[in-house]
Structure formats: structure tokens, C-alpha cells
Amino acid sequence: MFAYIVRRLVYAIPILIGVNLLTFILFFVVNSPDDMAVSQLGQKYVTPEAVQAWKRKNGYDLPLFLNSQEQGAGALTETIFFTKSVKLFAFDFGRSESGRDITTDVSTRMWPSLAVALPTFVVGIWVNICVALMVVMFHATRLDRWAVFVFVALMSISYLFYIIGGQYLVAKTWKLVPISGFNGEIQPWKFLLLPVLVGVIAGIGAGARWYRTLFLEESNQDYVRTARAKGASEIRILFRHILPNALIPILTGVVVVIPSLFMGGLLIESFFGIPGLGSYMLDAINSQDFAIVRAMVFIGSILYIVGLILTDISYTWADPRLRLD
Amino acid sequence: MKPLLLWSDLLIFLLVVVLTVFFLRLARDPQTREHWREVFSTRLGMVTMTLILVYVGIALLDSLHFRRALEPVAGSPEGEVFYSNKVTSVLDVMLGGMGERFERTYSAPFALDSFEKQDMKDDNGLTYRDFPPLEHAGRHLDHPGERWDDVLAKSAAALLWGALFSVLAIALQWAFLRRSPFPWHASWITQAAVICSAVWLVSMSRHYHVLGTDLGGADVAYQSIKGIRTGVLLGTLATLIMLPIAVSLGVMAGYFKGWVDDVVQYLYTTLSSIPGILLIAASVLLFQVYIDLHPDFFSIGLEKADARFLALCFILGVTSWSSLCRLIRAETLKISQLGYVQAAHAFGVSHHRILVRHILPNVTHIILITFVLDFSALVLAEAVLSYIGVGIDPNMASWGNMINGARSELSREPVVWWTLSGAFFFMFVLVLAANLFSDLVRDAFDPRSGAGRSAT
Amino acid sequence: MTTLAAPVMQVSNLRVDVAESGEAILKGVSFELRAGEIFALVGESGSGKSVTSLAAMRLLPNALRITGGEVRVGSEDLFDLSEADMQTVRGERVAMIFQNAMSALNPVQTAGEQVAETLRLHTRLSGDALRDRVVQLFAEVGIQDAGARYDFYPHQLSGGQQQRVMIAMALACEPDILIADEPTTALDVTIQAQVLALIRGLTRSRNLAVLLITHDMGVVKNTADEVGVMYRGEIIERAPVDEFFHNPREDYSRRLIAALPDLTRFHDSAAEESLLQLDDVKVYFPIRKGVLQRVVDYTRAVDGVTLKIGRGETYALVGESGSGKSTLGRAILNLESVAAGQITFLGQPIHTLGRRAMLPYRKKIQVVFQNPHSSMNPRLTVNRIISEGMDSLGMGLSAEQREQRIASLLQRVQLDVALGQRYPHELSGGQLQRIAIARALAVEPELIICDEPTSALDVSIRSGVLELLQELQRDSGVSYLFITHDLSIVPSLAHRVGVMQAGRLVEQGSAEQILTRPQHPYTQALLASVPRVDST
């Protein structure tokens, strides 16, 4: 088990290097720093001097890979590749184009993200499993067929409409909670309620439909027939036999996103004005702040890889048939 | 009139040809035919397929572009013709100029007056503030009070015409298809509904804005219909770009194993570890920078928007192949263990031939299922990306842009709800039809689903 | 044997339909079970024997429905009970065990828990008393170290132990009736014999009424008291077991019995000229461990096999699953790399040949696989499947010649030429296996490796395929390496026999020698579990 985790961590290194190289190529080779300067400054103010000044200010005036003017190690370290990409590995994200320290931003903004994403995640899974179990109990009846249709219809509605609809109904028409905003000290639940509710409802269609399929797949297994032959009731079979077995595929699909909960949701956060990492990314995209985007890509990849490892570990925990080595 | 072929037009017609060939080839195989028969023997399959074809048809009509010749200006040399900078499509013509009736700003559905007050001068030259009457709505009415009677009368006439057209269309099909074992009547009812609403919409839009107008005064119904091409094209083109990458890499990884497998797995793990939306956003932004810096590449605005649209398809395709690749790799691993591949090895059949003859035909069901499943996902993604600002160019009609433009207006009093409703309705119908259809396709083609139903 | 006892369970005129199409699956099945006796329901796949047992327990899948008949247990008709009452019948009065215990046991629950669940459902036992009872049951069904096995998960137990857990689960509440649906089919022959002995013993000791469902006449002969032969949803013949085997009334029954091995007639070893020779062949698969995935050990799949096959000879390689016999077959085909030793075909070492250099030998060594459904590409017509080898090995035939050749091949394997236009899924298992043989024959091989070619086929079809193989050998002098787990088909087929266990060839010799005077204890154990016609 320990050897396995170590091995997975070792395997993560080439992946992170790959992510790093890819972002570097995207941001500095496909588009040169000059292009970036031009688009940041705006077409009107472009003069060679302004471009140079902008590049110097943001640290883009170095050569890409090799600095022939520096001696020794400096030839490698005084380059864009080293200062902008390699330093990410030390969690040194540098400063955004607007001069803010990204590391501080990230560490303060991840908590509001988590405050929305975690309840959405937990409540969402719980609701989906409950709904799916209920539908499975009525399998092969008219109710089941209509439920599937409703799931598909719910899936076919864009996420944007869930948010807009939720804000309009709950906050504007019924005036139950504030439309948007966030306050960590005074009654934070008031601000969290609507985003979590919207997130959960938006996920029911896809989630419950998927879990239903998993439950039905399990209910066709031989051991279910064995349990029936023992004289177990349908309810007991559902909860004692089908559910524990179906939890295995559910886990693998679900655990991988847990670390990414820190990243928050782009849409939810921007609509509800929650100062988390999701809205941070969105602002960065809108202001074309590539330093932040680079940093978030790197963080996102790390969290995803952690998620993959957690998935494997949770597998062994849920499925006695698996032993990692 | 001068025809204009945008790159995306070319690609979509190419795509239609490719897909037709693909499906015809598939249909030669009796098992595949059997599966399709299963899909279309349900009423739901017929209805959803009809709806999807209607959308695709609209998208294709909207992809036949041309530029109108301008009236010769006095003084210009004889024989030289100038063309309008505005690009028109065959669909625009069929909609009877629905897109050319602009108002100043918002107006509600079937409204006669604008939504916002405006300074106006009365006959005596005095300035006053009131809701100005719309330029293209209810002009034929003598009195505003006649509006609803007029709407009713015109609706009845339009529906009558619609029914007539429907009967003609269905009678023609009935003559050929009445002995077919498939539930064509379901398709016919859908067709009739579509034809009637189309006739109604076009004829009403001559006198009213059926779904109102948006901030810029454009007709919302027209905008929603124009969004169809964007949605359909994005859904198909992006998958088409992704397919060759995913299939070739997946098949090679699963078949050759060893270092090829390691490299492919490394590639897709790396790619899927990057948060998709960031990768897409970054790529689109970078491309936008490129477009901005090279404005001289594109002679008209639509070409620029088209380039960005194609780039978006390309980026979506290149960033989304990992899940299909993983599926195909797993299936290929399974197939290469099967007797017929082993037997082919024992006959000394070359790798290339085994891949083409034995592996590829047996993973096509996965490709097909992914193609239909991804379609609706991409249509939904377009709206989100456009909202974030990395989607379709704002100059191009798309549902995402409509939502983006309208969301802030919900806080107004009274609410501007019609822009959202238009986008919602047209998008929902397409995505729902595609989702339901993909369910049927998966049930028919996926050997895993439905296997548990057999007895003993 | 007391056949006078009153029936414990009486099934009469049971009818089952496919719910959607109304197609009849069972057409009025009647039989009765008596305490202390085993009633065997024999039939081939699709004959409706499993449906009979599931219908009697009201456990049919939704696609099927019961349309008539009654199932009496004592004075009650099970079809009149409510679902809740039925749940008290299942497990308490009528218990079931299923084929393939690995999948019939819940993989995420311990073996002990699963047996305990039955007890919890029908008794008031709990706590230590419950656990003790389960351990006691484990001991009764012959699970060694019963206390420790309680906390094992199914995958940690061997196939035989899993089936014993199933039996313990069934017996937990001391039912009167036991329905065993192919209880030994997935097991190796030696284990199969033990499990059957256990069931027979329990029948007597607990005075159980047993319904034993099987396709295997050997199992019937060794275990049952009474036989019912099922064919297309009907019981066509019922008789006490001795009478049945000596004096079958129906043609179909006779065919089933004829498939049992005759251990009195053997083939002479005919061959002189050596075709294929293996010298101390080893095939190893690496086991990797640790952070760096270094190779720490090897699985010795084939661990030093030496044998010789002559021209026109059939060499039967017998062994249980996992003994390495199929791996050896693949190694001969050069589809598996050989770690040590030498494979010589007509004097030429072939295991070192590259892809291209191997091509001439691919014509001479061909293969027929176990599962006919997976050994045909479902997207190709039979004609194209057969012509694959001719195309890739460059037989230099014109299109017309090739067509003629396919037609003659189909005739040689006794199939209609028109089948050439069909696709695999339209054909039966027996037809497909004949096509697999035709495909191999197409390149005129001198050796065909038959990897369990008949084990996926029903008994009555099996003998046809075996006869075909022998006929082809007489006509063309082709040699066979016949890989099988089933000793019973060996005498009618093989000249020489080799017995494999854990990668090693423990014994080899002429068929007569191995089957009548086995030396190695493993061979003796294998042989003991083979039913014979003459051993009455």
C-alpha cells in the first residue's frame, strides 16, 4: 500500500512536468510576450517602449530558455521558463499582471470556494442516491419510465438557467435569501443556501440517472438472485446487497473531484458574488491575466492527481477484492 | 449576388458527406442494421430523430451564405458591382426578412410600443417622454385595441396554411412509407407540429415581434433560430476533430500495449489533469490575441467570427479526446484477447490489417455512442463558454451570447424574460431530443445495457 | 431406496411464457421430489431446466411469466402465497444453490456474514450463537479451519470452498428441499467430485429432497436417484437412474448417454514420423513489485514440458484450469515468448523465428479455440472468415478458386454452402465450431492445436464435432494437439495423452496406458471423477 502510494506520487512528477511544459508552450511560445503586451496595453498605446516597459514590469523581458548573458546557473535560472514555470513546483506563483501576490490570493480565496462546493457535493450525492434508490424500487413501472424522462429533461437544461431561475424565484420573487454576495462572519449560511440549493438541483438529472443505471446493473448480478433465494425482502436486498456493491463505482466517479472542490465553481461563484477561486479564475480570464491562469492550471492539475490517488485508495477501502501493490 | 463560402460552411457540408458515407457503411453490417431498427422501432426514436433532422436542416440552410449585390452607385464605373458587407443565408431568405426588422431597443412579445420611454416630439414640436411605437410591429393596425383580434385571426390563417403544408408533406411520405414497419406516424405528427409552428412564426413575424426584441432591437425569435447553426455545428465539428485523435491513439495503445500504451496513457492523463475550462479559456484567449494582432487576415467581420468559431471547435476537440480514448483503449485491450484476433495472429495477418478489419469495426459502437452523447454536452458547453467570454464571437448569433446579454436584465422591473425564454426553448428542445436519442442509441448498441434482461 | 415416500414437493403442469412475445418456454412440466432422494433434471442449454427451478421459487426475471400449473410444498401451492409469505418459504423450507459460486456470492460481504444473513432472516439467533452456528455449518460442509473462514471474503476462497459456502447458506435453516442449479459446472473435475459427494451425503444425512439440475450425464449417473430428461421445455422421459442408463426409451436420451466415454476401446499409436517436438519448454510471466516495479519473481505458467507429436497423431493434453496447457498451445503458435527450451517443427526450431520468418509455418500450424462465439469477428461473413488465412498467407488463389475452395471446405465440415453468406451471430455454437475448423483447414495445416474446442458445446453436438475431427484426420493425416480439461472425451479421440499440473507434465503415455493404468496420483484422481458407461 505504502509502496503503491509512493509509486503513484513518483508517477505524478512527469505528468506535472508535462502540464507545465504544455502551459509554457501555450503561453510563451505560441503567443510571445510581445503579443501579450500588445493586447494588455491595448492597440492604441502600443509603442516599442511601452511594450518593453510592460515586459520589464512583469518579468517577461528575459529569454525563453537560455540566457546567454548570464554566467553559470544564471544562464538557466534567469529565463522566463525558470522564473515563470519551474518555480511553480515550489508553489511560488509569483505576482499577477496587476501586481497582486497570487499565493496569498489563492490561500484566502479557497475557503469561500470550499464553503460552497463541499456542501453542494455532499448534499448532492446524498440526494442523488436517495432519488435513484427510490426510482429503482419502482423499476420497470410507469413511474420509473417517467422518472428517467424527467432526469433527461433536467439534464438538458443549461446550468445557466438553473442559476438564473434560482435567483429569480428564491431570491427575487420570494425574497427568502439575498440574491448574491458573501459574508464570512454574519450568517454565512444565508448566502450559501441558494448556491448550494441550485448546485444540488442542477446535478440531480445527471447524477440520479447515473446512479440508477449503476443500481440496476448491480441488481442483475447473480448474488442478488442468491439473496432472493435466501428469502430476503426487496428492500433488504436493495440496501444490504445492491447499495454496498454499487458504492464502488460511485466512489470512483466521485472521489476524484474531492480535491478539486477547493477550486470552486466558475459559474456559481460569479453569479452569486462569492469571492472564491472560481470567480478568481473567471476574473483572470476576463482581464486576460495569464499569470493567474497559469497558476490555477498548475494547482488544478495537482488537485486532480491527488484525486486520482485518493480514488485508488478509496477503491481498496470499498472493495475487498482489490489490494494495491 | 455572390455566394460566400465560410470555412465552417465548407466543413459542415464535408461533415454531412462523411457522416452519410459512415452511416451507409455501417448499414451494410446486418447487426448494425438490427440495432438501428431497434432505435427507430420506438416512437420516441422517430420523434427525436425528426427533431434533430429539423435542427440539422435549419443549420445547413443557414450555412448557404451569399452577399447581396448593392444598387449601383451613381458615378461608379459601368459593369462593376459592389457587394454588401452583410452576409445573408438561404435561411434568412426563407424567414422572409425576419432579421431585418430592427427596433431601437427592448420590446415585449407582440408589443406595439417599445419597452423603454424615450424623448419624443409631438405634432407641436414639444418634447415629451413616452413609449415610442415600434417600427415593425402592428403598423397595419388602425387602432391598438384591435391587436389581439388581429393576432388571433392571423394565427388561425397561418395555422390553416400550416395544416395544408403538413398534409401535403405527409401525404407524399405516406404514399411511399405506409407499408414500413416503423412508427412513421410519430414522425409525421412531429413534422406537422414543426411545419405549423414554422409557418405561424414566419407569417406572424411580418406583423409583430413574436418573441420581442433584445437590447439592440433585434428580433429574439430570429436570434434564437440563428443560434441553431452555431449549436449544431459546434456539437458536430468539435466531435469530428476529436474522433481521429481519440480513436487512433486509443486503438494503438490497446493493441500494441508496451511503450505505445505508456505514452498514450501519459498523454491523456496529463491532458485530463488540466482543468478543462481553464485550458479552453486560455487557448481561446490566446487565439483571440492572435486574431486581434492580425486584423488584415479577414475581409469581413463574419469571417473573423467564423475563424474564432472554428478555433473554438478545434480547441474543444483537441482538449476533449481523453475520455473517448480511454474507452477505446479499454475495449481494444479486451478485443485483442478475443479468439478472432488470436486466430488472425495465428494466420500471420499483418498488424495494419488486424486493426482495420478486426479491431476498428468492433469499436465503432463506442464511437457512435460518444458522438451522440457529446453532441448535447457540447451544445450546453457553448452557452457556458460564451457566458465566460471565451465562447462564440459576440457578433455571431448563439444561445450563449443571448443568455449572456440578457441575464442582467432579470433585475429590471418588469422583467425582460423573453430573450432568455427564446434561447431556453430552442436550446432545450435540441438538447432534450439529442439526449433522449442518445439514450436509445446506447440501449441498442451498448452490449452491456439490456444484457441482464435475458433469461437463464 | 424408498420410492414409496410421499412427495415433499410436487410440481405439476408448470408453464412459463416470454412475457412480450408469448413464446412458450415451459410446456407443462411435472415432477415430484421425495425426501432423501435426488431428482436430476438433465438437459442442454436452453431446454428450460433452470427456468423450471426459478419458476418453482417464483424468482423468474421480469421478461418471463408463469402462465399455469402449481408447485405444492406440503399442502400449500406456492403460487397462491403472497410475496411476503413466499419470502419465508425461500431459504427456510426450500433452499437453492447456484452455478458459479464466485458470482452468486456477494463480493463485498464476508462468507460468514452471508450465511448468517439466512439465519437472521428465518431464526432468532444473534450474536455469538449465530456465529457459532455458522462455524458449525462450515464444518459440516467440509470447510477446513471454519472459524477463520468466517471473515474471509468470497474472492479469498477457492472455487470449491465458495460452493461449500453456498451449500452451507442453503442448509442453514434446515430446509426440506434443496434445489441445486448446475452446482459443479464451474469447478474442476476433482473438486466437482468432492462437492457432489457432499451433496449426496447431506441428502441422506438430512433426509433432503433434492432437485439437481445439470447438463452433465456423468454427474447424473454418479449422484441421482431419479432422472428427468428435459428437451425444449418438456420432460420427455422420467425413470429411476439405473433403468434410465440401461434402457433409455427416447432417442434423445440415447444420444446423451452415448456421449459418455467408453473406456474399453482405444486408438493405437500410429505415428512414426515426428512432426512437433518440445524440449523442456518454459513460459514465464514476470511478477512485479515495489516502487520501481522490479521483477521479483515469475509465474511459471509452463515449467519444463517435453513432448513429441507424430504425423497423423492426436496428442491430448489434459489438465485443470490454470495448469498452463493453453499457454503451452499459444507458445507453440509463437504467440507467447518462450523463456527456455526448444520448440521444433519438422526439424526447424520455430520459437525464435520473427514475424516474417514464421509465416511459412503459420500455414502448417493452425488453431481452433474454445469459445466459438468470440473466435469469429462478428462483422465478417462466414466466407470472409474462412478466407482470412488464405488471403494473408498468400495461397496464390484466384477469386474463383478461392470461392470453390470455401465451398468445398464448408462441405468437408458438413455445412451448407449457403451458410457462407451468413454472419456468426446467426449460427449455432456447433456450426460456428465447424466453421472454425474449416478456417483452420483452409491453409492445409499439418498440425491443428485444438484448445478445448468442445467444452462450450452441448453434449449432443459435441460428439458430432469430435467425429468430424477424427474423420478429417483419417482423410488428410493432420495431427492434433488436443487441449482439454475433460478426460472423458480422450479415449474416443487420442493416441497419446499427457497430463499437466501446475505447468508440469506429470505423466504421459499412450491413451490406453494413461486411462487404464495411471501411475501418478493426480492422474488417478482425475480419472476417478470420470463417469463410465460400464461401471454399474
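Assuming a viscosity of 1.002 mPa s and a temperature of 20 °C, what translational diffusion coefficient in µm² per second does Stokes-Einstein assign to region B:96-142, Rh being the Kirkwood radius over Cα pairs? Provide the component values of the computation, followed by the final result.
Values: Rh = 11.8 Å.
The Stokes-Einstein estimate is 181 µm²/s.
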- Item | Proportion of all alpha-carbon pairs of region A:106-318 beyond 31 Å (%) | 31
- Query: Applying 1/(1 + (r/R0)^6) with R0 = 45 Å to the Cβ-Cβ distance of C:Arg249 and C:Gln421, what FRET efficiency is obtained, to the nearest 0.05?
  - Reply: 0.65
- Note on the structure: Residues meeting the amide H criterion for C:Ala340 (H placed from the backbone, H to H distance under 5 Å, 5 or more places apart or on another chain) are C:Lys282
- Give the span of region C:413-479's Cα atoms along each principal axis, as three whole-Å numbers ordered largest to smallest. 32, 26, 18
- Message: Quick check for me: using +1 on Lys/Arg Cβ and -1 on Asp/Glu Cβ, what's the dipole size of the protein assembly as shown about its Cα centre, in debye to the nearest 20?
- Response: 920
- Message: Regarding chain B, what's the average projected area of the Cα-atom convex hull, expressed in nm²?
- Response: 31.6
- Going residue by residue through region C:484-501, the Karplus relation 6.51 cos²θ - 1.76 cosθ + 1.60 with θ = phi - 60° gives ³J(HN,Hα) values, rounded to whole Hz and with x marking Gly or Pro, of 8, 9, 10, 4, 5, 8, 5, x, 6, 10, 8, 8, 10, 10, x, 10, 10, 9
- Message: Please list log₁₀ I(q)/I(0) at q = 0.13, 0.19 Å⁻¹ for region A:103-211, using the Debye equation with identical point scatterers on the alpha-carbon positions.
- Response: -0.58, -1.00
- Please report, to two decimal places, log10 I(q)/I(0) for region B:266-318 at q = 0.17, 0.22, 0.31 Å⁻¹ as given by the Debye formula with identical point scatterers on the Cα atoms and no solvent. -0.58, -0.81, -1.21
- Would you mind classifying region C:31-80 by shape? Square roots of the alpha carbon gyration tensor eigenvalues, ordered a ≥ b ≥ c; an a/c under 1.5 is rounded, otherwise it is prolate if a/b is larger than b/c and oblate if not. oblate
- Task: Excluding residues fewer than 8 places away in the same chain, name every one of the aspartates and glutamates whose C-alpha is closer than 14 Å to that of A:Lys55.
- Result: A:Asp34, A:Asp35, A:Glu97, A:Asp289
- Give me A:Thr103, B:Thr319, C:Thr203 ranked fewest to most by other Cβ atoms within 10 Å of their Cβ, as a rough exposure proxy. A:Thr103, B:Thr319, C:Thr203
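For a quick check: sort B:Val390, A:Val177, C:Val506, A:Val10 by the number of other beta carbons within 10 angstrom, fewest at the front.
Ranked by crowding around the Cβ, least crowded first: A:Val10, C:Val506, A:Val177, B:Val390.
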- Task: Kindly work out what percent of the DSSP beta bridges joining two residues of the protein assembly as shown are antiparallel, to the nearest 5.
- Result: 60
- Quick one: if you take sqrt(5λ) for each eigenvalue of the C-alpha gyration tensor of region C:450-536, what semi-axes come out, biggest first, whole angstrom? 22, 16, 13
- The Rg/Rh figure for region B:359-401, Cα atoms and Kirkwood Rh, to two decimals is 1.25
- Listing B:Asp393, B:Asp374, B:Asp296 by rising number of other beta-carbon atoms within 10 angstrom, fewest first, gives B:Asp296, B:Asp393, B:Asp374
- Over its alpha-carbon atoms, chain C yields an Rg and a Dmax in Å of 25.7, 79
- May I ask for log10 I(q)/I(0) of region B:386-445 at q = 0.14, 0.15, 0.18 Å⁻¹, from a Debye sum over the Cα atoms as equal point scatterers with solvent left out? -0.53, -0.58, -0.72
- What translational diffusion coefficient, in µm²/s and rounded to a whole number, does the Stokes-Einstein relation yield for region B:1-92 at 4 °C and a viscosity of 1.567 mPa s, taking the hydrodynamic radius as the Kirkwood radius over Cα pairs? 78
- Query: Here are some pairs, A:Lys57/A:Lys84; B:Lys86/B:Lys304; B:Lys154/B:Lys226; which of them have Cα atoms lying more than 18 Å apart in this structure?
  - Reply: B:Lys154/B:Lys226
- Note on the structure: Restricted to pairs 8 or more residues apart or on different chains, the lysines in chain C with C-alpha atoms under 22 Å apart form a number of pairs equal to 8
- Message: Can you give me the long-range amide H partners of C:Leu64? Hydrogens built in the peptide plane at 1.01 Å from N, cutoff under 5 Å, separation of 5 or more residues or another chain.
- Response: C:Ala19
- Note on the structure: Using eta = 1.002 mPa s and T = 20 °C, Stokes-Einstein with Kirkwood Rh from Cα pairs puts D for the protein assembly as shown, in µm² s⁻¹, at 59
- What are the aspartates and glutamates whose alpha-carbon lies under 17 Å from the alpha-carbon of A:Lys190, with same-chain residues fewer than 8 places away excluded? A:Glu269
- Message: Need one number: the % of Cα-Cα pairs in region B:222-455 sitting beyond the 32 Å mark.
- Response: 34
- Output the DSSP H helices from chain A with an along-axis C-alpha extent of no less than 15 Å and a mean Kyte-Doolittle hydropathy no less than 0.0. A:2-24, A:102-137, A:142-155, A:188-219, A:243-255, A:290-318
- Quick one: compute the contact order of chain C, relative version, from alpha carbon pairs under 8 angstrom and 6+ residues apart, as a percent. 15
- Message: How large are Rg and Dmax for region C:1-154 when calculated on the C-alpha trace, in angstrom?
- Response: 18.0, 52
- For A:Lys87, go through the aspartates and glutamates and keep the ones whose alpha-carbon is under 16 Å away, minus same-chain ones fewer than eight residues off. A:Glu78, A:Asp101
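Can you pull the semi-axes for region C:182-241, root of five times each eigenvalue of the Cα gyration tensor, sorted largest first, whole Å?
Gyration-tensor ellipsoid for region C:182-241: 20, 15, 9 Å.
Since every read-out is calculated from the coordinates, none of them should be taken as a lab result. None of these values were measured; they are calculated from a predicted model. Positions of Cβ are backbone-derived with ideal geometry, glycine not excepted, and every protein chain shown enters the neighbour counts.
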